[in-house]
1. Would you mention how many residues in segment 31-74 are of a type in the set (Val, Ile, Thr), within 23 Å of residue 126 (Cα to Cα) and surrounded by 13 or more Cβ atoms within 10 Å (Cβ to Cβ)?
2. Out of the residues in segment 3-36 that are of a type in the set (A, V, I, L, M) and more than 16 Å from the chain's Cα centre (by Cα), which is nearest to residue 74 (Cα to Cα)?
3. Can you tell me which residues in segment 3-29 are touching a His at 6+ places or on another chain (Cβ under 8 Å) and more than 17 Å from residue 61 (Cα to Cα)?
4. Any residue at all in segment 101-123 that is farther than 24 Å from residue 168 by Cβ, surrounded by fewer than 18 Cβ atoms within 10 Å (Cβ to Cβ) and either among the aliphatic types (A, V, I, L, M) or at pLDDT below 95 (or both)?
5. Are there any pairs with C-beta distances below 6 angstrom linking a residue in segment 50-66 that is in contact (Cβ under 8 Å) with a residue 24 or more places away in the chain to a residue that is part of a loop (DSSP other than H, G, I, E, B) and crowded, with 20+ Cβ neighbours inside 10 Å, with the two at least 6 apart or on different chains, and if so which?
6. Identify all residues within segment 19-30 that are surrounded by fewer than 22 Cβ atoms within 10 Å (Cβ to Cβ) and of a type outside the set (Ser, Thr, Tyr); write none if there are none.
7. Answer yes or no: is there a residue in segment 199-214 that is modelled with pLDDT of 95 or more, closer than 21 Å to residue 226 by Cβ, β-branched (Val, Ile, Thr) and assigned to a helix (DSSP H, G or I).
8. With the requirement that a residue be buried (at least 18 other Cβ atoms within 10 Å of the Cβ) and not hydrophobic (A, V, I, L, M, F, W, C), what does segment 75-89 give you?
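The values are calculated or read from the model by the stated rules, or taken from the named source; none is laboratory data. In this text the structure is predicted, and so the values were computed from the model without any measurement. Every residue, glycine as well, gets a Cβ built from its backbone with ideal geometry; the counts of neighbours run over all protein chains shown.
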Amino acid sequence: MIVLVTGANRGIGREVCRQLAELGHTVLLTARSQEAATAATAQLGPGVHPLMLDVTSPEAAERLAIWIADRFGRLDALVNNAAINYDTWQHATTADLDVVRATAETNLYGPWRLIQRLLPLLRASEHPRIVNVSSEAASLTGMGAGTPAYSTTKVALNALTRMLAAELRADRILVNAVCPGWVATDMGGPGGRPIPEGAASVVWAVLLPDDGPTGGFFRDGRPLPW
């Protein structure tokens, strides 16, 4: 498989790349700078390609799509992992809406834009997958106060997941949202589960069989409530 992972220079994204490369897949590891992407590929093996991608930039998405088309002619899986602003310091009643807008650019519009641009390459795959890395913080079932920018943008990403799964069912493209759980990353902070465990949830969705689920919300291969 040829798999593109966004926001992959550290944390869950880099570990997803490592696990997929270890299984023999070709991995496109992207980061906002070429330097960060290149540094992240150290010790990951020759099957991992470092590429620059700022998901908020339409021009960057276009350049990347052209590169993939020229090099491979298809894309088998897109992992929308890039995310920002786990805004524990904010409350919905007083939230800085500029922070919310900036968060949406990365957490919602970035994945949406990239999916639109890469869809022809995914349609060229025999086993296409889209995996949107979400969070249980986006589950309306148990939602309370806190992290308004992060949570609302991830709710929207979950909604987009459902819409795309329905629209792309005829194209055999499986589209799912995955919560890695509370993971001990720079964003998650200390005390969470080990990074490899969180990344394994994402890898599971990348490697689903053709008759696997679509339009779902999962952690560790088990459904989560919306």
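1. If we filter segment 31-74 for residues that are of a type in the set (Val, Ile, Thr), which is where we start, we get 38, 41, 48, 55-56, 66, 68.
Pick out the ones that are also within 23 Å of residue 126 (Cα to Cα) and you get 48, 66, 68.
After this cut, where a residue has to be surrounded by 13 or more Cβ atoms within 10 Å (Cβ to Cβ) as well, the list is 48, 68.
Result for segment 31-74: 2.
2. Out of the qualifying residues, it is 21.
3. Result: 26, single match.
4. Yes, the conditions are met somewhere in segment 101-123.
5. Here the result reads 55/6; 55/82; 64/53, each pair linking segment 50-66 to a residue that is part of a loop (DSSP other than H, G, I, E, B) and crowded, with 20+ Cβ neighbours inside 10 Å.
6. 19, 21, 22, 23, 24, 25
7. So far as segment 199-214 goes, yes, one or more of its residues are modelled with pLDDT of 95 or more, closer than 21 Å to residue 226 by Cβ, β-branched (Val, Ile, Thr) and assigned to a helix (DSSP H, G or I).
8. Passing the criteria: 76, 80, 81, 85, 86, 87.
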